[in-house]
């Protein structure tokens with residue numbers, strides 16, 4: 001079985017979900033898009049992962065703002081407003097009779113190409129919008145067991161050629177990093193920035209705890225994580241010192257605790273990095289406290 005931060009409890013209801021493609025609903029087995037789609041051809045698109053809790057889209061404004069910034073950055077003109085996208089998402093959820101415990105992937109590509117090419121001027125359609133809602137609950141095993149990381153030789157890129165904050169479809173370098181970690185026997189990859197400082201993981205953001213203080217990267221070379229931002233806010237609101245700073249593997253190996261953050265899994269403890277046990281090899285007290293505070297934040301946001 002796959003073990004990692006995206007490990008979910010199997011739910012047979014997902015076999016019969018309806019997926020929205022440009023406003024039309026298709027059964028999972030029939031949901032298809034053209035091989036000339038820009039996202040398929042060259043990874044030209046942006047996306048968001050959103051949680052539905054108690055029939056509320058959690059932190060939806062943060063997700064929409066990030067998606068709109070990403071689309072503007074890559075020059076995709078959105079043919080709908082944020083309010084219209086929310087309506088499209090809820091239409092898809094209602095068609096599936098979904099109200100809780102759902103993870104939604106919203107994907108937007110530049111559109112259909114006339115021929116395989118990078119050139120955006122050869123796009124012959126408007127943007128393609130795909131909405132995939134699934135019943136997904138993070139496996140308790142990941143929370144209880146924690147995850148192991150391996151430091152990849154694949155670095156997080158510099159903002160001057162592919163800004164790591166851009167939530168785009170082009171994820172090949174993260175896949176390469178994850179492949180290295182898997183081949184090394186770890187669950188996921190820890191990635192350094194171009195200067196050799198600890199940056200992020202292949203699909204989540206990374207934190208350590210030292211002497212009761214929380215450390216995370218400067219944010220210059222890591223994903224523009226919404227859960228990461230919420231954890232930093234929680235620290236500030238609850239008197240927990242949180243440093244956004246450069247730190248090395250030396251600092252990391254000697255950490256008292258470590259954890260990763262993401263929309264799907266929330267906070268997941270890290271128990272081992274490069275074969276070295278972190279702390280006592282289980283979730284630490286500050287990790288557990290922040291996880292509880294984050295769950296409370298989600299609860300408050302979905303009332």
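The values are calculated or read from the model by the stated rules, or taken from the named source; none is laboratory data. A quick note: this is a predicted structure, and the numbers were derived from the prediction, not measured. Backbone-built Cβ (ideal geometry, glycine too); neighbour counts: all protein chains shown.
In the stretch 268-289, the residue that is farthest from residue 53 (Cα to Cα) out of those that are part of a loop (DSSP other than H, G, I, E, B) and in contact with a strand residue (DSSP E or B) (Cβ under 8 Å, 6 or more places away or on another chain) is 274. Being under 23 Å from the mean Cα position of the chain (by Cα) and free of Cβ contacts under 8 Å to residues at least 12 places away in the same chain is the filter here; which residues of the stretch 8-31 pass it? Across the stretch 8-31, the qualifying residue is only 10.
Residue-by-condition table, conditions (1) under 19 Å from residue 143 (Cα atoms); (2) at pLDDT below 95:
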| position | (1), (2) |
| --- | --- |
| 190 | yes, no |
| 206 | yes, no |
| 237 | no, no |
| 240 | no, no |
| 254 | no, no |
| 261 | yes, no |
| 281 | yes, yes |
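Restricting the first member to the stretch 290-303 and to residues that are in a loop (DSSP other than H, G, I, E, B), and the second to residues that are modelled with pLDDT of 95 or more and surrounded by fewer than 12 Cβ atoms within 10 Å (Cβ to Cβ), no beta-carbon pair is closer than 7 Å while six or more apart or on different chains.
Looking at 181, 186, 177 in this structure, which one is in the same structural domain as residue 222 (by TED's automatic domain parsing), touching a strand residue (DSSP E or B) at 6+ places or on another chain (Cβ under 6 Å) and assigned to a loop (DSSP other than H, G, I, E, B)? The match here is 186.
Per this entry, residue 20 is not counted among residues that are touching a strand residue (DSSP E or B) at 6+ places or on another chain (Cβ under 8 Å), modelled with pLDDT of 95 or more and assigned to a loop (DSSP other than H, G, I, E, B).
With respect to being touching a residue at least 12 places away in the same chain (Cβ under 8 Å), farther than 29 Å from residue 60 by Cβ, surrounded by fewer than 21 Cβ atoms within 10 Å (Cβ to Cβ) and over 18 Å from the mean Cα position of the chain (by Cα), residue 183 falls outside the description.
Here is a yes/no grid of residues against (1) farther than 23 Å from residue 150 by Cα; (2) touching a strand residue (DSSP E or B) at 6+ places or on another chain (Cβ under 9 Å); (3) assigned to a loop (DSSP other than H, G, I, E, B):
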position	(1), (2), (3)
209	no, yes, no
214	no, yes, no
218	no, yes, yes
222	no, yes, yes
228	no, yes, no
235	yes, yes, no
247	no, yes, yes
251	no, yes, no
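Would you mention how many residues in the stretch 133-169 are in contact (Cβ under 8 Å) with a residue 24 or more places away in the chain, part of a loop (DSSP other than H, G, I, E, B) and loosely packed, with under 15 Cβ neighbours inside 10 Å? Of the residues in that region, 4 qualify.
For residues that are under 26 Å from residue 117 (Cβ atoms) and either outside any loop (DSSP other than H, G, I, E, B) or touching a strand residue (DSSP E or B) at 6+ places or on another chain (Cβ under 8 Å) (or both), tally how many sit in the stretch 29-67. Counting residues in the stretch 29-67 that are under 26 Å from residue 117 (Cβ atoms) and either outside any loop (DSSP other than H, G, I, E, B) or touching a strand residue (DSSP E or B) at 6+ places or on another chain (Cβ under 8 Å) (or both) gives 17.
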